[in-house]
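Remarks on the structure that follows.
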Amino acid sequence: MSMKPLFRILSTIPLLFCFCSLASCDQPSKNAATGETSAATATASANHAGDFDWPRLLGKNFDGVAETSGIELDWTETPEVIWRLPVGDGYGLGCVVDGRYYHADAVRSDQPLGQRGFIERLRAFDLKDGRLIWSVDRPLEYRDMYGYETGPRGTPASDGKSILTFGCDGELCCRDITDGSLKWSVSTNQEYGVVQNFFGVGSSPLILDSMVIVPVGGSPAEDQQIAPGRLDRVIPNGSALVAFDLAGGDQVWKCGDDLASYSSPRPMKIGDKTVVLLFARNHLLAVDPEAGKVLWKQPHRADILESVNAMMPVVDGDRVFISECYQVGSRLMKVTPDGANTLWLDPPRNRRAQAMRCHWSTPVLVDGFLYGCSGRNNPDSDFRCVELATGKVRWSDDRGMRTSVTRAGEHLIVLDEYGRLEIVRPNPEKLEILAEYDFGDQLQTPCWAAPILVGDSMLIRGDGHVLCLAIATR
């Protein structure tokens, strides 16, 4: 499906970026595509493929920082493509556990004429060579209001035994990680009365202790006849965040009077207490995961109907940073179990004076400075450095390009949406680009997902393909 014209105009899908409810979905697909691996490059596969994991959106610690202990990456050499994976609809990358890459997408089914539709797949690949290990799928009924792709926006999450996916149609599935067999599933849109969001469900699951926690944002029965997208008329029903038992899928608790955004929940420690943060449609919610209750909420949303909250909150000790790109901009808070005190707030509706306007990309924090993309669309976008404590912009790149970022040791990996990679040294004094590689000839725009780095293997994706790159080491 072509989405480039709308991509240029609206461009509000978060990536940050499922499936199954039918027994027949448990059978592996017989015609699933495998990775395209060159015999010449297969031997160049990563030496550390099984030593490091990337088990969820933004990595192990929800901060976009890769594990690099014991590895010295050499950015003076161009990364080598070791395999290339054709993928269907969707915008996110997957997760990596024990040397396997798990990718979720959507493709057209091969049913007889008159029954054609989409299926949503989850596939497991060997990270070293792209070899298909298993594939499972389920029927998918979803139509995007703005013509964006019919596929997952979120990222699978795994605890090493199970793998959780959260589809664009709200289907939450728990599968056995060894073979993809279905353990349980919940149709959250149906169970909680979700009025379809502009781009469907865009969040990724959070596995915490014995629970899987997802944003739902349902509404009462009387709101089910409201037209999709008219969220200004929709009333929340206390299901902003819902926890399910990881073993069996039963609801453990639900809480929060808010609708869903495209941001994903994450934990943080406040003192010795674990709290789950959810940047929902209208508020930042702090939830006690043991009691299943909202501790406090902080309003933060533009008053534009089609506005989007999508980035994951950035945590630094007892400080929390949130941002959006439509009107309000950014906010830094000092938080306690009882509430949030705003330390600084961007001037509303004055985008030129705002420190950072995060769209779908979450910035990375390095030594007290945020590095990330600010802006909604090109050319109203730039990669910049912002001092977290004050909100002062230290510098910004004037290319006018949207980007996503991942940290690898003492470097930042910056990917623009046309497939160009830059290796940047974090420096609050100036933009310091150490290396630049262009994969635009192998990836089609949009390249919205932040790169995944596992050992000396890097995964990047565009529209239609995922590339696995081997990074040279010293």
Checklist entry - Looking at Thr362, Thr336, which one is under 18 Å from the mean Cα position of the chain (by Cα) and either at pLDDT 95 or above or among the charged types (D, E, K, R) (or both)? => result Thr362
Checklist entry - If you take the residues of region 350-400 that are part of a strand (DSSP E or B) and polar (S, T, N, Q), which of them is surrounded by the most Cβ atoms within 10 Å (Cβ to Cβ)? => result Ser374
Item to check | Candidates Phe279, Phe198 - the one that is of a type in the set (Phe, Trp, Tyr), out of contact with any Phe, Trp or Tyr (no Cβ under 6 Å at 6 or more places or on another chain) and modelled with pLDDT of 95 or more | outcome: Phe279
Item to check | Of the criteria (1) over 21 Å from the mean Cα position of the chain (by Cα); (2) part of a strand (DSSP E or B), which one Gln225 fails | outcome: (2)
Checklist entry - If you take the residues in region 307-345 that are open to solvent by 10 Å² or more (accessible area, probe 1.4 Å) and assigned to a loop (DSSP other than H, G, I, E, B), which one is nearest to Gly59 (Cα to Cα)? => result Gly317
Checklist entry - Of these, Gly217, Gly200, Gly249, which one is at positive phi and surrounded by fewer than 24 Cβ atoms within 10 Å (Cβ to Cβ)? => result Gly249
Checklist entry - Is it the case that Pro446 is surrounded by fewer than 20 Cβ atoms within 10 Å (Cβ to Cβ) and in contact with a Phe, Trp or Tyr (Cβ under 8 Å, 6 or more places away or on another chain)? => result no
Next on the checklist: Looking at the structure I just gave you, is Ile235 touching a strand residue (DSSP E or B) at 6+ places or on another chain (Cβ under 6 Å) and open to solvent by 10 Å² or more (accessible area, probe 1.4 Å)?
Outcome noted: no
Next on the checklist: Condition first: within 25 Å of the chain's Cα centre (by Cα), farther than 25 Å from Gly317 by Cβ and crowded, with 18+ Cβ neighbours inside 10 Å. Now tell me which residues in region 420-436 satisfy that.
Outcome noted: Arg420, Leu421, Glu422, Ile423
Checklist entry - Before we move on, is Val275 hydrophobic (A, V, I, L, M, F, W, C), within 24 Å of Ala157 (Cα to Cα) and under 23 Å from the mean Cα position of the chain (by Cα)? => result yes
Item to check | region 401-419, subset buried (at least 20 other Cβ atoms within 10 Å of the Cβ) and not in a strand (DSSP E or B), residue farthest from the chain's Cα centre (by Cα) | outcome: Gly419
Checklist entry - Of Leu132, Leu140, which residue is at pLDDT 95 or above, out of contact with any Pro (no Cβ under 6 Å at 6 or more places or on another chain) and hydrophobic (A, V, I, L, M, F, W, C)? => result Leu132
Item to check | Test: Gln298 is open to solvent by 20 Å² or more (accessible area, probe 1.4 Å), in contact with a Phe, Trp or Tyr (Cβ under 7 Å, 6 or more places away or on another chain), at pLDDT 95 or above and of a type outside the set (Lys, Arg) | outcome: no
Checklist outcome for this item: In the set Ala286, Ala260, Ala243, the lone residue that is open to solvent by less than 10 Å² (accessible area, probe 1.4 Å) and either under 17 Å from Met312 (Cβ atoms) or among the polar types (S, T, N, Q) (or both) is Ala286
Next on the checklist: Restricting to region 448-461, name every residue that is out of contact with any strand residue (DSSP E or B) (no Cβ under 6 Å at 6 or more places or on another chain) and under 11 Å from Leu93 (Cβ atoms).
Outcome noted: Trp448, Arg461
Checklist outcome for this item: Of all strands (runs of 3 or more DSSP E) fully inside region 84-153, the set with 2 or more residues that are open to solvent by 10 Å² or more (accessible area, probe 1.4 Å) and out of contact with any Cys (no Cβ under 9 Å at 6 or more places or on another chain) is 100-108, 118-126, 132-140
Checklist entry - Do any strands (runs of 3 or more DSSP E) entirely within region 420-474 hold 1 or more residues that are out of contact with any Gly (no Cβ under 9 Å at 6 or more places or on another chain), and if so, which? => result 420-425, 432-438, 457-461, 465-470
Checklist entry - Just one of the numbered conditions (1) among the polar types (S, T, N, Q); (2) part of a loop (DSSP other than H, G, I, E, B); (3) surrounded by 23 or more Cβ atoms within 10 Å (Cβ to Cβ) is not true of Thr165; which one? => result (2)
Checklist entry - Does region 178-186 include one or more residues that are assigned to a strand (DSSP E or B), surrounded by fewer than 24 Cβ atoms within 10 Å (Cβ to Cβ) and among the basic types (Lys, Arg)? => result yes
Item to check | Only listed residue being among the small types (Gly, Ala, Ser), over 22 Å from the mean Cα position of the chain (by Cα) and more than 22 Å from Asn427 (Cα to Cα), chosen from Ala291, Ala310 | outcome: Ala291
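The values are calculated or read from the model by the stated rules, or taken from the named source; none is laboratory data. As the structure is a prediction and not an experimental result, all values here were calculated from the model. Positions of Cβ are generated from backbone atoms using ideal geometry, with glycine treated the same way; all protein chains shown enter the neighbour counts. These area figures cover heavy atoms from the full protein model, side chains too; ligands, DNA and RNA do not enter into them. Shrake-Rupley method; radii C 1.70, N 1.55, O 1.52, S 1.80 Å.
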